[in-house]
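K.L.:
Dropping a structure here in structure tokens format, bear with me for questions.
The values are calculated or read from the model by the stated rules, or taken from the named source; none is laboratory data. Quantities reported herein were computed from a predicted structural model and do not represent experimental measurements. Counting neighbours? That spans all protein chains shown, and the Cβs are built from the backbone with ideal geometry, glycine included. Heavy atoms of the whole protein, side chains included, go into the accessibility calculation; ligands, DNA and RNA do not. Shrake-Rupley method; radii C 1.70, N 1.55, O 1.52, S 1.80 Å.
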Amino acid sequence: MANVFAGKKIAKDTIDEDYVGGGGVFDTDIYEAVIKTAYIGKAQASEARNVTLLLDIGGRELRSQTWVSNKSGDVTYVDKKTKEVKNLPGYNQINAVALLVAGKNLGDLDTESLVVKLYDFDAKKELPQSVECFTELHGETIHVAVQRQTVDKTKKNEAGVYEPTGETREENEIDKFFRARDRMTTAEIRAQATEATFVTTWRSEE
């Protein structure tokens, strides 16, 4: 199967902007990670797609799922204020991984069907399933800015709506990706910066 993102209309600027934003076995920090697996997932009731990264950080696994397209399968949206066509933040983030690791946009990466153990909600356990993987990213090293967060647990009520349970859990969220050899961001590379500075800014804000 071909890369589902190939030929998608994207906004002019495909760079993941540098900003400090406001899972959880890892403390908030920047880690060196090896990409074990990067595969495409799909929503059950729409054409929305996500990309899941399985990262090896010092022998421990961090799993991160990012939605990169909307329910129509598009990777862009129209800004209500500026009327500009922009890429979805999730698309820019995963596209940054493709650029930093392979020097390609997400839609230009090759994909390959591989069998990966995924959680099956009906069976309530992990089962082998065939998924489309970005194999060009597998085994490659990247640096990740990880945030540790405390979030509310939710449960579906009788109306089918998820609501807070009053309990919390710890989880991780990946906030930023950096090129392995110099910890530069896609924005710094595009600007032809001579040194990485955002990595220091991110640390100071955390």
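K.L.:
Anything in the stretch 20-64 that is open to solvent by 80 Å² or more (accessible area, probe 1.4 Å), part of a strand (DSSP E or B) and farther than 22 Å from residue 202 by Cα? List them, or say none.
P.N.:
Residues satisfying the conditions are 36, 42, 60, 61.
K.L.:
Working carefully through the options 118, 99, find the one that is in a helix (DSSP H, G or I) and not polar (S, T, N, Q).
P.N.:
Just a single option satisfies the conditions, and that option is 99.
K.L.:
Does residue 145 fit the bill of being open to solvent by less than 60 Å² (accessible area, probe 1.4 Å), touching a helix residue (DSSP H, G or I) at 6+ places or on another chain (Cβ under 8 Å) and more than 20 Å from residue 65 (Cα to Cα)?
P.N.:
So residue 145 fails the test.
K.L.:
If I ask for residues that are under 13 Å from residue 30 (Cβ atoms) and open to solvent by less than 30 Å² (accessible area, probe 1.4 Å), which ones from the stretch 185-206 would you list?
P.N.:
185, 196, 198, 199, 202
K.L.:
Restricting attention to the stretch 167-178, and to residues there that are open to solvent by 40 Å² or more (accessible area, probe 1.4 Å) and of a type outside the set (Asp, Glu), which single residue is nearest to residue 67 (Cα to Cα)?
P.N.:
Checked the stretch 167-178; the qualifying residue nearest to residue 67 (Cα to Cα) is 169.
K.L.:
All but one of (1) closer than 14 Å to residue 5 by Cα; (2) open to solvent by less than 50 Å² (accessible area, probe 1.4 Å) hold for residue 67, so report the exception by its number.
P.N.:
Here residue 67 clears every test but (2).
K.L.:
If you take the residues of the stretch 77-127 that are open to solvent by 70 Å² or more (accessible area, probe 1.4 Å) and among the acidic types (Asp, Glu), which of them is farthest from the chain's Cα centre (by Cα)?
P.N.:
Looking at residues that are open to solvent by 70 Å² or more (accessible area, probe 1.4 Å) and among the acidic types (Asp, Glu), I get 122.
K.L.:
Right, something else. When you scan the stretch 65-88, do you find a residue that is outside any helix (DSSP H, G or I), among the small types (Gly, Ala, Ser) and touching a strand residue (DSSP E or B) at 6+ places or on another chain (Cβ under 8 Å), even just one?
P.N.:
Checked against the condition, which is being outside any helix (DSSP H, G or I), among the small types (Gly, Ala, Ser) and touching a strand residue (DSSP E or B) at 6+ places or on another chain (Cβ under 8 Å), the stretch 65-88 yields at least one hit.
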